[in-house]
Amino acid sequence: MSRLLAPALALMLAAAPVAGGARAAGLVAERAFPPAGACYARRYDAAHLARHPGQVVTGLHLWGSSRDLIGLRAASGQVDPELTLTLRVDFSDGASAQGKVGCAEVKGRIRRCGREASCSGGFAVEALPDGRLEIVNDDAASREPGSVAARPGFSPDAACPPAGRAGRFVPPDAQNRVFRLERLPLAACTEPGPGR
């Protein structure tokens, strides 16, 4: 999976600087998603959804490991190292969609993730100081020149034609724009979602 994101979207991962210009132990990807794996998730309760009637996401899970990414760094002259994660979105109609997403690494932080299918859009990722992850549905992919994004927002399961499927998209409106995920035990992400 060496080309998961369009070059214009390939904002990367990098070491985080600390006081005195020294580097923090490990890269952001390895701290957020260690080789043993990590899970970040959020499930919205009925009270939250009642206050946000336009929100179509009832749950979001993002999980994976930096193990393969660490292995790819040795071949970084031939391939673009990427962190591969799994994303599951649970929707208000009871269905869920799941798929692999890639986050490229060069220098910086975890910034953008998306599917190999450029028509499925992408999302920004920010590792927050308190250990949570923030997913931002900013619709940057569909605004790129020459974009082939099928619809605005992002999809965890869309694939491009001719053999692709339409997939489920999270629309980039105000009520489906920012999702703050808590770190949970890995089992919380690998259990089947409500629509599976």
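Val57 contributes about 0 Å² of solvent-accessible surface, heavy atoms of the protein only, 1.4 Å probe.
Evaluating 6.51 cos²θ - 1.76 cosθ + 1.60 at θ = phi - 60° for every residue in the range 41-47, the Karplus couplings come out as 8, 8, 10, 9, 7, 4, 5 Hz, glycine and proline recorded as x.
Rounded to the nearest 0.05, what FRET efficiency do Glu191 and Asp68 have when you use their Cβ-Cβ distance and R0 = 25 Å?
Details: r = 23 Å, r/R0 = 0.90.
Computed FRET efficiency for Glu191 and Asp68: 0.65.
The accessible area of Phe91, taken with all protein chains in place and a 1.4 Å probe, comes to roughly 10 Å².
Database remark: amide H of Ser66 closer than 5 angstrom to the amide H of Gly37 (H placed geometrically; neighbours at sequence offset of 5 or more, or on other chains; Pro and chain starts carry no H).
Here the Karplus relation 6.51 cos²θ - 1.76 cosθ + 1.60, evaluated at θ = phi - 60°, turns the backbone of the range 170-176 into coupling constants of 8, x, x, 8, 4, 8, 10 Hz, with x for every Gly and Pro.
Find out how many positive minus negative residues lie around Arg177, taking Lys and Arg as positive, Asp and Glu as negative, among other residues whose Cβ is under 12 Å from that of Arg177.
Details: positive: Arg180; negative: Glu134, Asp138, Asp139, Asp173.
Here the charged neighbours net out to -3.
Shown in residue order for the range 28-35 are the 3J(HN,Hα) couplings computed by the Karplus curve 6.51 cos²θ - 1.76 cosθ + 1.60 at θ = phi - 60°: 3, 4, 6, 6, 6, 10, x, x Hz (x for Gly and Pro).
The values are calculated or read from the model by the stated rules, or taken from the named source; none is laboratory data. As the structure is a computational prediction, the values presented were derived from the model and not from experiment. As a convention, Cβ positions derive from the backbone with ideal geometry for all residues, glycine included, and neighbour counts pool all protein chains shown. Just the protein is used for accessible areas: all its heavy atoms, side chains included, with ligands, DNA and RNA removed. Shrake-Rupley method; radii C 1.70, N 1.55, O 1.52, S 1.80 Å.
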